[in-house]
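Q: Pasting in a structure now, in structure tokens, and then I'll have a few things to ask.
The values are calculated or read from the model by the stated rules, or taken from the named source; none is laboratory data. Everything quoted here is computed from the prediction, not taken from an experiment. For neighbour counting, all protein chains shown are included, and Cβ atoms are generated from backbone atoms with ideal geometry for every residue, glycine included. Calculation scope for accessible area: heavy atoms of the full protein, side chains included, ligands and nucleic acids excluded. Shrake-Rupley method; radii C 1.70, N 1.55, O 1.52, S 1.80 Å.
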Amino acid sequence: LYYVLVWAWTKVMGAGPLGFRTFSALCGTATVPVLFLAGRRISSRAGLWAAALAATNPAMYYYSQEARSYALLILLSAITFVLWQRALERPGGARLAWWAALSMLALLTHYFAAFLFLPEAVILARRLGWRRVAPAVGAVIVTGLALVPLAAAERSNGKANWIEGS
């Protein structure tokens, strides 16, 4: 997903370093208010702290400068977390569908989004019942399974050598 979005972004902003990096900077900046929303579910103070920590976090600053998918992954993961919180508070088909849709986008951005999706899905299933969350969870799982050939191709092309520790 990141590469498709950056391709469109560079058509508007240009294909130089500034064009590539402004997309990540925008994603990093947008993460701050999303984390405020996530923390606000606990208290206003927690929301402010979450936003302040995101705004001053050296890792967020670093990833917001890189022309890589990490800032978008963090943004989409934060949005899925907020949507997950809302689905737990007031379960409904639309809330679960939004959570699943953003989870799919996060997974399409980076495989590591599965590490956030899986515990969220298990907690939703335990609280709301498997029958209620099965369509949403199933849609994300199908998306993940559709990515398996791509992951296998990347591994065979040497783009995933970090897995083997080399």
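Q: Report, by residue number, each residue of the stretch 23-55 that is among the β-branched types (Val, Ile, Thr) and surrounded by 17 or more Cβ atoms within 10 Å (Cβ to Cβ).
A: THR31, VAL32, VAL34
Q: Return yes or no: is LEU128 open to solvent by less than 30 Å² (accessible area, probe 1.4 Å) and out of contact with any strand residue (DSSP E or B) (no Cβ under 6 Å at 6 or more places or on another chain)?
A: Judged against the criteria, LEU128 is not a match.
Q: Pick out the one residue from ARG68, ARG40 that is in contact with a helix residue (DSSP H, G or I) (Cβ under 6 Å, 6 or more places away or on another chain) and closer than 23 Å to LEU102 by Cβ.
A: Unique residue meeting the criteria: ARG40.
Q: Please enumerate the residues belonging to the stretch 11-37 that are more than 27 Å from LEU53 (Cβ to Cβ) and touching a residue at least 12 places away in the same chain (Cβ under 8 Å).
A: Within the stretch 11-37, just PRO17 meets the criteria.
Q: Of the residues TRP99, TRP162, TRP130, which is over 22 Å from PHE23 (Cβ atoms), at pLDDT 95 or above and not charged (D, E, K, R)?
A: Selected residue: TRP99, the only one of TRP99, TRP162, TRP130 that is over 22 Å from PHE23 (Cβ atoms), at pLDDT 95 or above and not charged (D, E, K, R).
Q: Suppose we keep only residues that are part of a loop (DSSP other than H, G, I, E, B) and either open to solvent by 40 Å² or more (accessible area, probe 1.4 Å) or hydrophobic (A, V, I, L, M, F, W, C) (or both) within the stretch 56-65. Which one would you say is modelled with the lowest pLDDT?
A: The selected residue is GLN65.
Q: Go through the stretch 1-20 and count every residue that is under 18 Å from the mean Cα position of the chain (by Cα) and either loosely packed, with under 15 Cβ neighbours inside 10 Å or not hydroxyl-bearing (Ser, Thr, Tyr) (or both).
A: So the answer is 5.
Q: To continue, here is another question. Does the stretch 66-73 include one or more residues that are out of contact with any Gly (no Cβ under 9 Å at 6 or more places or on another chain), open to solvent by less than 90 Å² (accessible area, probe 1.4 Å) and more than 23 Å from ALA114 (Cα to Cα)?
A: Taking every residue of the stretch 66-73 in turn, none turns out to be out of contact with any Gly (no Cβ under 9 Å at 6 or more places or on another chain), open to solvent by less than 90 Å² (accessible area, probe 1.4 Å) and more than 23 Å from ALA114 (Cα to Cα).
Q: Let me ask something else. Identify, from the list LEU37, LEU26, LEU53, LEU18, the residue that is part of a helix (DSSP H, G or I) and closer than 30 Å to ALA134 by Cα.
A: Every option except LEU37 fails the conditions.
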